[in-house]
Amino acid sequence: MSERSTPERPLEIDASRIDERLTPRELDVLSRMAVGLSNRTIASDLGIEYTTVRGHVQSILEKLGARSRFDAVARAYRSGLVRDPDNGK
């Protein structure tokens with residue numbers, strides 16, 4: 001059975017393509033955004049406050065030049081920053 005991305009196993013971040021502008025925690029949040037988790041779920045998953053996640057999301061949007069969460073995730077996929085381990089992309 002193929003492993004799928006789940007809240008317990010977020011999408012992989014390609015370390016060779018890490019945008020130095022994003023902090024390690026922002027990358028954690030971005031990888032969870034990429035599998036569709038809400039801010040509240042991300043906060044619970046990472047053991048941080050909801051408002052902290054909101055701040056990270058806002059920072060990610062600004063740093064990636066994105067207009068929305070969806071746009072940020074799309075940009076991360078297109079740049080190769082986030083990849084689905086099942087597709088090898």
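For the stretch 24-83, the dipole from Cβ point charges (+1 on Lys and Arg, -1 on Asp and Glu) about the Cα centre works out to 200 debye, to the nearest 20.
How much net charge surrounds Arg40 when only the other residues with a Cβ under 14 Å from the Cβ of Arg40 are counted, with Lys and Arg +1 and Asp and Glu -1? Mind showing how you got there, number by number?
Working: positive: Arg32, Arg54, Arg69; negative: Asp45, Glu49.
Local net charge: +1.
A compact globular protein would have a Cα radius of gyration near 2.2 N^0.38 Å; the ratio found for the stretch 24-83 is 1.00.
Using Cβ contacts closer than 10 Å as the measure, can you line up Ile42, Ile48 from fewest to most?
Working: Ile42 25, Ile48 16.
Lowest to highest Cβ neighbour count: Ile48, Ile42.
Counting other Cβ atoms within 10 Å as a rough exposure proxy, the listed residues Asp28, Asp45 run Asp45, Asp28 from fewest neighbours to most. As a rough footprinting exposure proxy, the listed residues Glu62, Glu26 were ranked by other beta carbons within 10 Å of their own, and the order from fewest upward is Glu62, Glu26.
Read-outs: derived from the displayed coordinates by stated rules, not from any lab. The shown structure was predicted, so the numbers you read here are calculated from the model rather than taken from an experiment. Note: ideal-geometry Cβ built from the backbone for every residue, glycine included; neighbour counts use all protein chains shown.
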